[in-house]
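Quick notes on the structure that follows.
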Amino acid sequence: MTQRHSTRGAWLIILASLIAMVICVYDYYTPETGLIGTGGVVLVAIAGLLMFLASLAMALVPNRSCLLQGFLVVSIILDIIGSSVAGYFLESPVIMAAEALALIGWLMNVIGDAADRSVEIDDVED
Amino acid sequence: MSKIKTYALGALGLAAAVAAVTFLPSITAIAQNGGVVASGDDQTWDAFGGNQQAQKYSTATQITPDNVKDLKRAWSVHTGDVSSGERSTTWGATPIFANNTVYVGTPWYRIVAVEPDTGKTKWTYATHGGEGPPENQGLKNRGVAYWAASAPQAGQPCQKMVYVGTMTGELHGVDADTGKPCAGFGKNGVVDVNAWAPKNSKWKIGLLQPPAVYKDTLILGWAGNDWVYKTENPGTVYGIDARTGAMKWTFNIIPPDMENQTGTANVWASISVDPETGLAFLPTSSPSPNYYGGDRLKEMPYATATVAVKAETGEVVWSRQLTHHDIWDVDINSAPTLVDIKKDGQTIPALIQATKQGFLFVFNRNTGEPVYPIEERPYPASDVPGEVAAKTQPYVPYPEPVIADHMPPVSKFADIVSFGECSRWKARIRDEGRYTPPSIRGSISWPATLGGVEWGGGALDPTTNTYVVNSNVVPQIYTLVPRADADKKYGDKLRAPDGYAAQQGSAYGFKLENFLNMWGMPCWAPPYGNLSSYDMNTGKLNWKKPFGVVQKWGFYMPDSWGSITIGAPAITKSGLIFIGASMDSRVRAVDMKTGNVLWKHIVDSPAVSQPAIYTYKGKQYVVFAVGGNGILTPRLSDQLVAFSLPN
């Protein structure tokens, strides 16, 4: 059964994933980064793409099942954690900053969604 | 930071496990969607080792521990000499600065001359085909040599010359000002050294290391191929007239009556010279075949030794064998560094010979007598039929060796993630520490052929006699393969991708394996490399710290792990150590007093060379040849990069 879920923060996550992907492409092709041609940045770029798709679904499909909502929320937070750790070991502050931005978006969405649920419950109780 | 990274690595492992269980299904679901003054007060770097004494020391003081953080890239050039994809380049050249020019040899055996302050190319010289056929040593150039006439003839060319060797055994001499071949040197500027070494020749000899220069004599060794045949070219060192290329003398390392039983024991590393006494110090390598000595049991005292010869005649003055009956390929792989040790109120003219075994042998350079005692210690016997390992080997307890007597313990992390592969492997091979003889069941080689100390050797501040040296902590597995088994498995192959080398003509083939688990992780506990500082007046270790950073798939591992290093440090009077060498593509400045890294900068690939330091027009430059090395990472480059302080 579908219901309306919060789209708050989704665009911030989309922006963060795009930043992560762009910086990965830059790192992959630029010798001065020390990461040229490395598998690590490819991994983060793929994670960024997956985060982009998940957050796009979050933004464009407000009416979604609770199962899909849970899947998107869990997937994105795991993506953020994994990419942040990768960014740390790649010694890339930009990737870590992008993931911090994504985390803010994720928190906005989760808190917003909980708040919406709370309002709906209040409506019912009224 | 390092501790945080170690903890973070543990967390990463946990996160990876969680991700594997939780996240991967999600991915699947969504996916369905690297001496001679130039002019005025300029400080030169006119030899491979910085100077003839191989001290790798600069008196420059502009860059200091206080301002090194401001060091910026002054210029960067790409020589165009990088791997074509089919043949991997390994660029370990030291750029030299002389004649107001930076000269560097390239892996395709060219000379590139650039302006010292801009990097703009002055001229290039190509040897045309100097790289030789693929079965030779490879594209490894370690630089060029520079010579200047003591009484130059005005208006005449070639009063200053630059030399580069090739993988086809040719030594080329060109005019240092123009890059034109010197017609009076050999035949039109080329001496065919290979023609002097025809005995048991299977390959053309490789002149990857530039010759040492003493007055008007070039002292030249060569690189061979000592893993695939029992007999090879016997190691011979040549004294060559710097002007004409005529052979002045030879020094034979292999005794004549052994030449049909073995070969090599050549000098492939750099050579140092004492300009005051005219003695040249030769680091010699192990005889062929490297890992089975049953056919060469007779003593060969000049093999795996430091030998002092008169630079102008080749006459031996003294020699010291540093490994008896070498069956581990522990070539003496770097030029001894000359030092005047102040001890007990006396000044002792000495040299420091660092080795793959991690020992620092210190000898009186005029007599060969040890300055710090050497012990002959008993070591295990070989269990291989036909082999007789030496009963004792030289051991230097002091100065403290740069590596321990036994390999580090098995890495618990690497062992767990490989389901016990590391510990099982270790349990079934022979491991008795240093000098465990190669065996048929497999033996730990500790340290392995990578060292200990690699071919760069150490650097010395002659004002304080502080010696700095990088070292590796790497065990490998050596296995002898009985000939019948080798023939059955490998047929006529001289080498195979699994680490096999034929040692053809002997009773055993040989297999070298890296001690890595199924994921490619080292099976031994870190650190993998260190940087050490010694006070050579007392022999005391000042400090020893993990150096460099392992980088895998782009991920930087904790600083406490250190890195395998190839290349060497250079030091300045102002108290800085400059060094690349690490597996990550960074060059670093380290505080001489503390060993702390004060500055680092990313370059195109690992800088597996030693830097050059010079001043030009009042400005100090530090230059690195950045070439990479397939042993460390696949990332290769052809970058020559200089750093200086901003104006």
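Given the criteria assigned by TED's automatic domain parsing to the domain that holds B:Y616, at negative phi and not aromatic (F, W, Y), does B:N99 qualify?
Here the answer is no, as B:N99 does not meet what is asked.
For the range B:108-120, name all the residues that are part of a strand (DSSP E or B) and of a type in the set (G, A, S). Full working, then the answer.
Step one: of the range B:108-120, the residues part of a strand (DSSP E or B) are B:110-114.
Hit for the range B:108-120 is B:A113, nothing else.
I'd like to check something: does the range B:424-441 contain any residue that is in a strand (DSSP E or B), under 23 Å from B:S286 (Cα atoms) and modelled with pLDDT of 95 or more?
Step one: list which residues in the range B:424-441 are in a strand (DSSP E or B), which gives B:430, B:439.
The next check asks that each one be under 23 Å from B:S286 (Cα atoms); those that pass are B:430, B:439.
When the remaining residues are screened for being modelled with pLDDT of 95 or more, the result is B:430, B:439.
Yes, the range B:424-441 contains at least one residue that is in a strand (DSSP E or B), under 23 Å from B:S286 (Cα atoms) and modelled with pLDDT of 95 or more.
For the condition more than 30 Å from B:P181 (Cα to Cα) and of a type in the set (A, V, I, L, M), what is the one hit in B:V228, B:V273?
On the way: B:V273 fails: more than 30 Å from B:P181 (Cα to Cα).
On inspection, the qualifying residue turns out to be B:V228.
For the range B:589-603, indicate whether the set of residues that are surrounded by fewer than 22 Cβ atoms within 10 Å (Cβ to Cβ), basic (K, R) and closer than 22 Å to A:T33 by Cβ is non-empty.
Taking every residue of the range B:589-603 in turn, at least one turns out to be surrounded by fewer than 22 Cβ atoms within 10 Å (Cβ to Cβ), basic (K, R) and closer than 22 Å to A:T33 by Cβ.
Looking at (1) more than 25 Å from B:A448 (Cβ to Cβ); (2) at pLDDT 95 or above, which is the only condition B:E259 fails?
(2)
Quick one: how many residues across the range B:407-421 are part of a loop (DSSP other than H, G, I, E, B) and in contact with an Asp or Glu (Cβ under 8 Å, 6 or more places away or on another chain)? Step through it out loud before you land on a result.
Initially, the range B:407-421 is screened for residues part of a loop (DSSP other than H, G, I, E, B), giving B:407-409, B:411, B:418-420.
Filter once more, so that each one left must be in contact with an Asp or Glu (Cβ under 8 Å, 6 or more places away or on another chain): B:407.
Summing the residues that are part of a loop (DSSP other than H, G, I, E, B) and in contact with an Asp or Glu (Cβ under 8 Å, 6 or more places away or on another chain) in the range B:407-421 gives 1.
If I go through the range B:474-492 residue by residue, how many of them are assigned to a loop (DSSP other than H, G, I, E, B) and within 20 Å of B:G442 (Cβ to Cβ)? Explain how you work it out, then say what you get.
Looking only at the range B:474-492, we keep the residues that are assigned to a loop (DSSP other than H, G, I, E, B), and these are B:474-475, B:491-492.
Okay, now just the ones that are also within 20 Å of B:G442 (Cβ to Cβ), so B:474-475.
The total comes to 2.
Here's the yes/no breakdown for (1) part of a helix (DSSP H, G or I); (2) facing another protein chain (nearest Cβ under 10 Å):
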{"site": "A:I13", "(1), (2)": "yes, no"}
{"site": "A:I19", "(1), (2)": "yes, no"}
{"site": "A:L35", "(1), (2)": "no, yes"}
{"site": "A:V44", "(1), (2)": "yes, yes"}
{"site": "A:G48", "(1), (2)": "yes, no"}
{"site": "A:L72", "(1), (2)": "yes, yes"}
{"site": "A:S83", "(1), (2)": "yes, no"}
{"site": "A:I95", "(1), (2)": "yes, no"}
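In the range B:505-526, what count of residues is obtained for those that are buried (at least 19 other Cβ atoms within 10 Å of the Cβ) and either closer than 24 Å to B:Q353 by Cβ or of a type in the set (S, T, N, Q) (or both)?
2
I need the full set of residues from the range B:547-571 which are over 19 Å from the mean Cα position of the chain (by Cα) and outside any loop (DSSP other than H, G, I, E, B), in order please.
B:Q551, B:K552, B:F555, B:Y556, B:D559, B:S560, B:W561
Looking only at residues in the range A:50-66 that are of a type in the set (A, V, I, L, M) and more than 11 Å from chain B (Cβ to nearest Cβ), which one is surrounded by the most Cβ atoms within 10 Å (Cβ to Cβ)? Break it down stepwise before answering.
Filtering the range A:50-66 for residues of a type in the set (A, V, I, L, M) gives A:50-51, A:53-54, A:56-61.
Next cut, more than 11 Å from chain B (Cβ to nearest Cβ) only: A:58-61.
Working: A:M58: 29, A:A59: 18, A:L60: 11, A:V61: 16.
In this case the residue turns out to be A:M58.
Return the total of residues in the range B:572-614 being at positive phi and over 17 Å from the mean Cα position of the chain (by Cα).
Going residue by residue through the range B:572-614, those that are at positive phi are B:575, B:581, B:595.
With the extra rule that they be over 17 Å from the mean Cα position of the chain (by Cα), the set shrinks to B:575, B:595.
So the count comes out to 2.
Pick out, from the range B:594-647, the strands (runs of 3 or more DSSP E) lying fully within it that include 3 or more residues that are under 23 Å from B:Y103 (Cα atoms) and more than 14 Å from chain A (Cβ to nearest Cβ).
Working: elements: B:597-602, B:612-616, B:619-626, B:639-644.
Because the criterion is at least 3 residues that are under 23 Å from B:Y103 (Cα atoms) and more than 14 Å from chain A (Cβ to nearest Cβ), the strands (runs of 3 or more DSSP E) in the range B:594-647 that meet it are B:612-616, B:619-626.
The values are calculated or read from the model by the stated rules, or taken from the named source; none is laboratory data. Treat the numbers as computed from the prediction; the structure is a model and nothing was measured. Cβ atoms come from the backbone with ideal geometry, glycine included; neighbour counts cover every protein chain shown.
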